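Structure record follows, encoded as structure tokens.
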Amino acid sequence: MSEVLVLVDHVDGAVRKPTYELLAIAKKLGTPAAVFIGGADKAEGAAADLAKFGAEKVYAVDDAEVKGYLVAPKAEVLQQIAEASGSEGPAAILIVSSAEGKEIAGRLAIKLGSGLITDAVDVAEDGSTTQSVFAGNYTVKAKVTTGTPIITVKPNSAAPEEGAGAGTVEQFAVTISDAAKAARIVASNPRQASGRPELAEAAIVVSGGRGTGGDFSAVEGLADALGAAVGASRAAVDSGWQPHSLQIGQTGKTVSPQLYVANGISGAIQHRAGMQTSKTIVAVNKDEEAPIFELVDFGVVGDLHSVLPAATAEIEKRK
Ligand code: FAD
């Protein structure tokens, strides 16, 4: 079976969960092979984790010529590995659907002359994908028919599957062009660590809207009890209560967690666009006519400032 390349998403060698989800998809399409761009010592450590989730091979690429630049060198890394893998090339190349992942995928598609599908929420065994588009109003089934299918997949679209792969590490030497190194990173803003999971990849998201009145303590308390990420509606962001990076919706992030808890959020179409593919949706709203209740699995009509602390206390009691 041909290899399916999975670009590893990691922070200093610590592999992030969406990569394991891609490996589960890769197993359906061929032989999973991870592409780890980072130092050799970190590659060895990551290879053990990647093997645990099914990677048969780990291409370890030194990052001396990649670190410090924007995304173009990473596209060249994938291009060179794809071109080295025989005349037919890999069966597919899978990348996490982040802003960076999608830019790498776009550049790679041009370089390989391949078709590209972004933001897939499901990939079938025959390589056909499912996307949720136009604010979730349409579901598109599509398949790449030209070249090596390049697919970016949204976090939480597949469950990671433990199942030992060989995890054989192969050092892969790359030559990065000067053109790819034209855009160099001269300064970066380190993310402020909140101690909570990353919003786009969290399994549980607890979000708050205008109904919080600007007091997010009950929302944050429930999020911390559940080990969840905190999100917000645009009304809450526009009021300056939360940063834009936490906004969910058409002009914010799209999340697809196992559990989404919307608090004091009316359920406007633009908010739904960012959360309606969540597996289970719960809402707390004091207005029983609120449109959010049209799409929930469980709804609580009540004041979030009393419902959430009671739920949080109950969860803490059961821990
Ligand atoms: P509201 O609609 O004001 O709802 C507040 C809710 O809180 C009400 O249902 C109320 O009953 C309830 N409530 C009040 N007090 C309590 C309480 N104590 N306990 C429980 N419930 C209470 N919105 C987004 O969220 N994300 C986007 O990306 C986005 N993009 C947009 C793009 C465009 C082009 C446009 C035009 C709009 C966009 N919006 C977006 C805005 C969207 O239309 C809504 O205005 C917004 O989602 C409303 O936020 P909200 O639900 O928090 O506030």
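Of everything in segment 280-296, what is open to solvent by 10 Å² or more (accessible area, probe 1.4 Å), without any contact (Cβ under 8 Å) to a residue 40 or more places away in the chain and either within 7 Å of the ligand (Cβ to nearest atom) or farther than 18 Å from Arg234 by Cβ (or both)? Give them in sequence order.
We begin by selecting, within segment 280-296, every residue open to solvent by 10 Å² or more (accessible area, probe 1.4 Å); these are 280, 282, 285-289, 291, 293-296.
Still in the running and without any contact (Cβ under 8 Å) to a residue 40 or more places away in the chain: 280, 282, 287-289, 291, 293-296.
Passing the criteria: Thr280, Val282, Asp287, Glu288, Glu289, Phe293, Glu294, Val296.
Do you know which residues across segment 187-236 are acidic (Asp, Glu) and either buried (at least 18 other Cβ atoms within 10 Å of the Cβ) or under 19 Å from Thr312 (Cβ atoms) (or both)?
Narrowing segment 187-236 to residues acidic (Asp, Glu): 198, 201, 215, 220, 224.
Residues satisfying the conditions are Glu201, Asp215, Glu220, Asp224.
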For segment 250-282, what are the residues that are under 16 Å from the mean Cα position of the chain (by Cα) and either at pLDDT 95 or above or among the hydroxyl-bearing types (Ser, Thr, Tyr) (or both)? Thr254, Ser256, Leu259, Tyr260, Thr277, Ser278
Taking only pairs six or more apart or across chains, which ones have beta-carbon atoms under 6 Å, a first residue in segment 225-250 that is more than 11 Å from the ligand (Cβ to nearest atom), and a second residue that is hydroxyl-bearing (Ser, Thr, Tyr)? Ala225/Thr312
Residues of segment 213-249 satisfying the condition of being more than 20 Å from Glu201 (Cα to Cα) and either in contact with an Asp or Glu (Cβ under 9 Å, 6 or more places away or on another chain) or modelled with pLDDT under 95 (or both): Trp241
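If a residue must be assigned to a loop (DSSP other than H, G, I, E, B), of a type outside the set (Gly, Ala, Ser) and either in contact with a Leu (Cβ under 8 Å, 6 or more places away or on another chain) or crowded, with 16+ Cβ neighbours inside 10 Å (or both), how many such residues does segment 163-186 contain? Steps first, answer last, please.
Going residue by residue through segment 163-186, those that are assigned to a loop (DSSP other than H, G, I, E, B) are 163-167, 172-178, 182-183, 185-186.
With of a type outside the set (Gly, Ala, Ser) added as a condition, the list becomes 172, 174-176, 178, 185-186.
Among the residues that remain, those that are also either in contact with a Leu (Cβ under 8 Å, 6 or more places away or on another chain) or crowded, with 16+ Cβ neighbours inside 10 Å (or both) are: 172, 174, 176, 185.
Looking only at that region, the number is 4.
Would you mention how many residues in segment 187-213 are assigned to a strand (DSSP E or B) and more than 16 Å from the ligand (Cβ to nearest atom)?
If we filter segment 187-213 for residues that are assigned to a strand (DSSP E or B), which is where we start, we get 204-208.
From what's left, more than 16 Å from the ligand (Cβ to nearest atom): 204.
Number satisfying all stated conditions: 1.
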Would segment 100-116 turn up any residue that is at pLDDT below 95 and either of a type in the set (Ser, Thr, Tyr) or over 10 Å from Ile150 (Cβ atoms) (or both)? yes
With the condition kept exactly as written, say whether any residue in segment 171-182 is away from the ligand (no atom under 16 Å from the Cβ) and among the charged types (D, E, K, R). yes
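Does Val230 count as under 19 Å from Gly274 (Cα atoms), in a strand (DSSP E or B), touching a Gly at 6+ places or on another chain (Cβ under 6 Å) and aliphatic (A, V, I, L, M)?
On the way: under 19 Å from Gly274 (Cα atoms): yes; in a strand (DSSP E or B): yes; touching a Gly at 6+ places or on another chain (Cβ under 6 Å): no; aliphatic (A, V, I, L, M): yes.
No.
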Quick check on segment 99-110. Is at least one of its residues touching a helix residue (DSSP H, G or I) at 6+ places or on another chain (Cβ under 9 Å) and part of a loop (DSSP other than H, G, I, E, B)? no
Restricting to segment 9-38, name every residue that is in contact with a strand residue (DSSP E or B) (Cβ under 9 Å, 6 or more places away or on another chain), free of Cβ contacts under 8 Å to residues at least 40 places away in the same chain and not in a strand (DSSP E or B). Gly13, Gly38
Which one of Val4, Val11 is open to solvent by 10 Å² or more (accessible area, probe 1.4 Å) and not charged (D, E, K, R)? Val11
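Could you count how many residues in segment 137-148 are in a loop (DSSP other than H, G, I, E, B), open to solvent by 30 Å² or more (accessible area, probe 1.4 Å) and either within 29 Å of Lys67 (Cβ to Cβ) or touching a residue at least 12 places away in the same chain (Cβ under 8 Å) (or both)? Spell out how you get there, then give the answer.
Let us first name the residues in segment 137-148 that are in a loop (DSSP other than H, G, I, E, B), namely 137, 143-148.
Adding the requirement that they be open to solvent by 30 Å² or more (accessible area, probe 1.4 Å) leaves 137, 143, 145-147.
Filter once more, keeping what is either within 29 Å of Lys67 (Cβ to Cβ) or touching a residue at least 12 places away in the same chain (Cβ under 8 Å) (or both): 143, 145-147.
So the count comes out to 4.
Can you find a residue that is assigned to a helix (DSSP H, G or I), open to solvent by 10 Å² or more (accessible area, probe 1.4 Å), in contact (Cβ under 8 Å) with a residue 24 or more places away in the chain and out of contact with any Asp or Glu (no Cβ under 8 Å at 6 or more places or on another chain) anywhere in segment 51-58?
Here is the first cut: in segment 51-58, the ones assigned to a helix (DSSP H, G or I) are 51-52.
Restricting the remaining residues to those that are open to solvent by 10 Å² or more (accessible area, probe 1.4 Å) gives 51-52.
Narrowing the set further to residues that are in contact (Cβ under 8 Å) with a residue 24 or more places away in the chain leaves 51-52.
In the following step, the residues that additionally are out of contact with any Asp or Glu (no Cβ under 8 Å at 6 or more places or on another chain) were identified as 51.
The answer is yes, given that some residue of segment 51-58 is assigned to a helix (DSSP H, G or I), open to solvent by 10 Å² or more (accessible area, probe 1.4 Å), in contact (Cβ under 8 Å) with a residue 24 or more places away in the chain and out of contact with any Asp or Glu (no Cβ under 8 Å at 6 or more places or on another chain).
Quick one: is Thr277 surrounded by fewer than 23 Cβ atoms within 10 Å (Cβ to Cβ), in a loop (DSSP other than H, G, I, E, B), of a type in the set (Ser, Thr, Tyr) and more than 8 Å from the ligand (Cβ to nearest atom)? Break it down stepwise before answering.
Details: surrounded by fewer than 23 Cβ atoms within 10 Å (Cβ to Cβ): yes; in a loop (DSSP other than H, G, I, E, B): yes; of a type in the set (Ser, Thr, Tyr): yes; more than 8 Å from the ligand (Cβ to nearest atom): yes.
Yes; evaluated as a whole, the condition is true for this residue.
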Among the residues of segment 255-266, which ones are crowded, with 22+ Cβ neighbours inside 10 Å, within 12 Å of the ligand (Cβ to nearest atom) and either in a loop (DSSP other than H, G, I, E, B) or of a type in the set (D, E, K, R) (or both)? Val255, Gly264, Ile265
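The values are calculated or read from the model by the stated rules, or taken from the named source; none is laboratory data. The structure presented is a predicted model; accordingly, all values stated were derived computationally and were not measured. Cβ coordinates were reconstructed from backbone atoms using ideal geometry, including for glycine residues, and neighbour counts include every protein chain displayed. Remember, those area values only see protein heavy atoms, side chains included, never the ligands or the DNA or RNA. Shrake-Rupley method; radii C 1.70, N 1.55, O 1.52, S 1.80 Å.
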